[in-house]
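Notes to accompany the following structure.
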Amino acid sequence: MPKITVPHLPVSCLFGMIKPSGPTSMSLLNDLQPLLSKSRLFEQAAENLPKQKKRRSKKVGNVKVGQGGTLDPLADGVLVLGVGKGTKKLTEFLDCTKEYSTTCLLGCETDSYDSEGARVRTAPWKHVTKEQVIEALSQFKGEIKQTPPIFSALKMDGKPLYEYARNGIPLPRPIESRTVTVHSLELVEWKGSNHSFSWPEKALNQDQKKAMEAAIRGVDETMTIDDDPERSAEDAEKPTAFVIKMRVSGGTYVRSLVHDLAHAVDSAGHVVTLTRSRQGRFVLDLTEDGDQTCVPWSVFEKALTDPGAADEEGWTEWEREVLQHMEVI
């Protein structure tokens with residue numbers, strides 16, 4: 001194996017990790033912390049720590065770890081991590097350029113705008129063509145306004161939006177839209193009915209629908225979330241799915257873009273897959289000068305079970321991976 005130049009220890013750094021779909025970003029960080037804290041790459045001798053940190057280190061380790069922009073449990077792809085002083089650099093990844101690819105499934109709208117949520121309403125989808133979607137995409141390029149979903153953790157007057165929706169509390173004012181920039185947006189795959197996706201089994205009951213309507217009618221008296229009766233004839237067929245790829249500014253809601261795009265073609269839709277392929281300079285595939293690839297989560301998952309033997313330089317497999325991908329702060 002080639003020798004690796006190691007900076008002064010312990011190291012503060014940034015590196016990208018490839019998050020799998022399923023777990024939350026924070027749960028992965030919690031799993032990682034004990035592993036990083038036991039590594040000589042990051043470990044600080046207890047005698048060099050302040051008393052407060054010495055006590056804390058007995059529980060969760062003495063290495064500070066953070067992430068620069070969480071991914072939903074459904075999503076996979078690039079997650080930038082900071083260790084030690086690297087955590088102070090993470091804010092730059094909140095507003096950086098990001099790239100995503102996402103699959104939209106037509107005909108069904110969910111409360112969270114993705115397949116993790118519950119069905120809110122259904123709508124016709126069979127009339128939607130590839131050409132209509134391509135034409136509609138032009139509405140969402142450049143500088144656009146986006147409104148976050150009501151089932152989100154964003155707060156209004158100190159209360160998360162989802163609490164208004166669940167409890168039927170009228171919103172005190174409209175959800176504030178945000179300006180974002182969509183640098184590029186394209187249809188990359190038209191799946192049609194050739195896929196394994198299906199609408200969520202979980203659905204809002206009538207009381208939950210009424211509560212959601214009551215929340216939104218505080219600012220939109222015409223709001224209804226009834227199913228479209230024309231859709232019933234399409235029940236037996238698998239709804240259309242397609243994949244779009246985008247390069248966007250920080251703060252862009254991919255789920256909202258898919259939701260609004262489905263409305264633009266007179267249907268409903270939600271996200272069933274979501275991959276972040278770029279977060280700033282950290283990427284899944286090298287395409288530009290200065291790009292930095294990421295460490296797969298499987299490397300850490302394996303190390304959590306069995307770190308393995310150290311090589312001739314004293315590094316385990318996962319430590320060598322981090323050394324090859326990290327940016328030292």
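The values are calculated or read from the model by the stated rules, or taken from the named source; none is laboratory data. Just so you know, these numbers come straight off a predicted model, no measurement behind them. Backbone-built Cβ (ideal geometry, glycine too); neighbour counts: all protein chains shown. Accessible surface is based on the protein model in full, side chains and every heavy atom, while ligands, DNA and RNA are left aside. Shrake-Rupley method; radii C 1.70, N 1.55, O 1.52, S 1.80 Å.
Values for this structure:
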{"quantity": "Approximate spin-label separation residue 329-residue 138, in nm, with each point projected 7 Å along Cα-to-Cβ", "calculated": "4.5 nm"}
{"quantity": "Cut-off under 5 Å, modelled amide H: who pairs with residue 292 long-range", "calculated": "282, 283"}
{"quantity": "Cα-based shape type of region 127-179, given that a ≥ b ≥ c are square roots of the gyration tensor eigenvalues and the cut on a/c is 1.5", "calculated": "prolate"}
{"quantity": "Ranked by how many other beta carbons lie within 10 Å on average, peptides 261-273, 284-296, 140-152 from highest", "calculated": "261-273, 140-152, 284-296"}
{"quantity": "Relative packing of 307-316, 13-22, which averages over residues the other C-beta atoms within 10 Å, highest first", "calculated": "13-22, 307-316"}
{"quantity": "Long-range amide H partners of residue 96 with built H, under 5 Å", "calculated": "250"}
{"quantity": "At R0 = 25 Å, FRET efficiency that the Cβ-Cβ distance of residue 92 and residue 43 yields, to 0.05", "calculated": "0.40"}
{"quantity": "Sites residue 21 and residue 194, calculated FRET efficiency, Cβ-Cβ separation with R0 35 Å, nearest 0.05", "calculated": "0.95"}
{"quantity": "Share of carbon and sulfur in the accessible heavy-atom surface of the chain [1.4 Å probe, %]", "calculated": "47 percent"}
{"quantity": "In order through region 287-299: 3J(HN,Hα) via Karplus (6.51 cos²θ - 1.76 cosθ + 1.60), integer Hz, x for Gly, Pro", "calculated": "9, 10, 4, x, 5, 10, 7, 10, 8, x, 4, 4, 5"}
{"quantity": "Highest average packing first - 92-102, 168-178, Cβ atoms within 10 Å", "calculated": "92-102, 168-178"}
{"quantity": "Cα-based shape type of region 249-297, given that a ≥ b ≥ c are square roots of the gyration tensor eigenvalues and the cut on a/c is 1.5", "calculated": "prolate"}
{"quantity": "Estimated distance in nm for a label pair at residue 201 and residue 163, the labels positioned 7 Å out from Cα along Cα-to-Cβ", "calculated": "3.2 nm"}
{"quantity": "Environment charge at residue 294 (Cβ cut-off 14 Å; Lys +1, Arg +1, Asp -1, Glu -1)", "calculated": "-1"}
{"quantity": "Debye intensity ratio I(q)/I(0), log10, the chain, q values 0.08, 0.10, 0.16 Å⁻¹ (C-alpha model)", "calculated": "-0.46, -0.69, -1.31"}
{"quantity": "Nearest 10 degrees, 0 to 90: helix 206-216 Cα axis against the chain principal axis", "calculated": "80 degrees"}
{"quantity": "Linear extension gain, residue 186 paired with residue 237, 0.36 nm per residue minus alpha-carbon span", "calculated": "15.7 nm"}
{"quantity": "Contact order relative to length of the chain, as percent, for alpha carbon pairs under 8 angstrom and 6 or more apart", "calculated": "28 percent"}
{"quantity": "Calculated from backbone phi, Karplus (6.51, -1.76, 1.60) coupling profile of region 309-317 in Hz, x at Gly/Pro", "calculated": "6, 6, 7, 5, 8, x, 9, 7, 4"}
{"quantity": "Whether region 69-150 is rounded, prolate or oblate, judged on the alpha carbon gyration tensor where a/c under 1.5 counts as rounded", "calculated": "prolate"}
{"quantity": "Whole-Hz couplings from phi, Karplus 6.51/-1.76/1.60, listed for region 20-28; x for Gly and Pro", "calculated": "x, 6, x, x, 6, 4, 5, 5, 5"}
{"quantity": "Other-chain or far-sequence residues with amide H under 5 Å of residue 108's (modelled H)", "calculated": "123, 268, 269, 270"}
